[in-house]
Amino acid sequence: MIHHINIQITDRERTREWYERVLGAEFLDRGPALNRRQLQLRLGTGEIHTSDTEDLVKVPRVHFAIEVEDFDSMLAHLDSQGVPYSRTGGGAFTGTGGDDPRQGTREDTGERYTYISDPDENLIELVYHAGGLENSSGEAVDLTHDTGNVRWTQIEGFVEAAYAEEQVTVS
């Protein structure tokens, strides 16, 4: 299981707002000191951590992928938010699986896919497997979207104590 990925960003507030609005990410409040260190978000059971920088390093074709529950609804949502998407990731990839320049279908799984970019041009692949997921025995496995179900254990009371300590030390 992948715990988290780390992406470069130039503006935390813009990044947080975009990931929450476009992908439904959840802000992970780790307390004031850790929140100052980096922005952390949850998507499904995985996390996105960030590194603030003024000089983004552009690396073509580097991306991460997110499985979506309803591909057509996601495309409609992207349209409503004015987020462009393409089958080739803006030219980073040779698009396969059809002639639609905005989305494709892979021949081996029937997976539908498209690419979007966040405000700092981090490339994100959105995928949808119509056949669903299965375990090694071929049994269907549901995606986990209940943030209260699967998450990393945090020391009980850590965030609350961190905020209480912050209030005492700030003058």
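Please give the charge dipole size of region 81-134, origin at the Cα centre, charges +1 on K and R Cβ atoms and -1 on D and E Cβ atoms. Round to the nearest 20 debye.
The calculation lands at about 160 debye.
Using a Gaussian network model of the chain with C-alpha springs under 10 Å, which one of 135, 122, 35 is most mobile by mean-square fluctuation?
135
So what's the Cα pair-distance distribution over region 4-145, bin width 10 Å, in %?
That works out to 10, 38, 35, 15, 2, in percent per bin.
How do the peptides 101-108, 14-21 rank, highest first, by the average count of neighbouring beta carbon atoms within 10 Å per residue?
14-21, 101-108
Over the alpha-carbon set of region 58-142, divide Rg by the Kirkwood Rh and report the Rg/Rh ratio to two decimals.
Here the Rg-to-Rh quotient is 0.99.
When only Cα pairs under 8 Å and 6 or more residues apart are kept, what is the percent relative contact order across the chain? If you can, show how the numbers build up before the last one.
On the way: 249 pairs, mean separation 36.8, N = 171.
It rounds to 22 percent for the chain.
Beyond 14 Å, how much of the Cα-Cα pair distribution for region 30-77 remains, as a whole percent?
70 percent
Where does the chain land at 222 nm, in deg cm²/dmol rounded to the nearest 500, when only DSSP H runs of n ≥ 4 count, each adding -39500 (n - 2.57), divided by all residues?
Calculated mean residue ellipticity at 222 nm is -7000 deg cm²/dmol.
Highest GNM mean-square fluctuation, the chain, Cα pairs closer than 10 Å: which of 142, 72, 118?
142
So what is Rg over Rh here for region 1-57, counting just Cα atoms and using Kirkwood for Rh?
0.94
Only the coordinates and a few stated rules stand behind these numbers; no lab work does. Please read these numbers as outputs of a predicted model, since none were measured by experiment. No Cβ is skipped: glycine too gets one built from the backbone with ideal geometry, and neighbour counts run over all protein chains shown.
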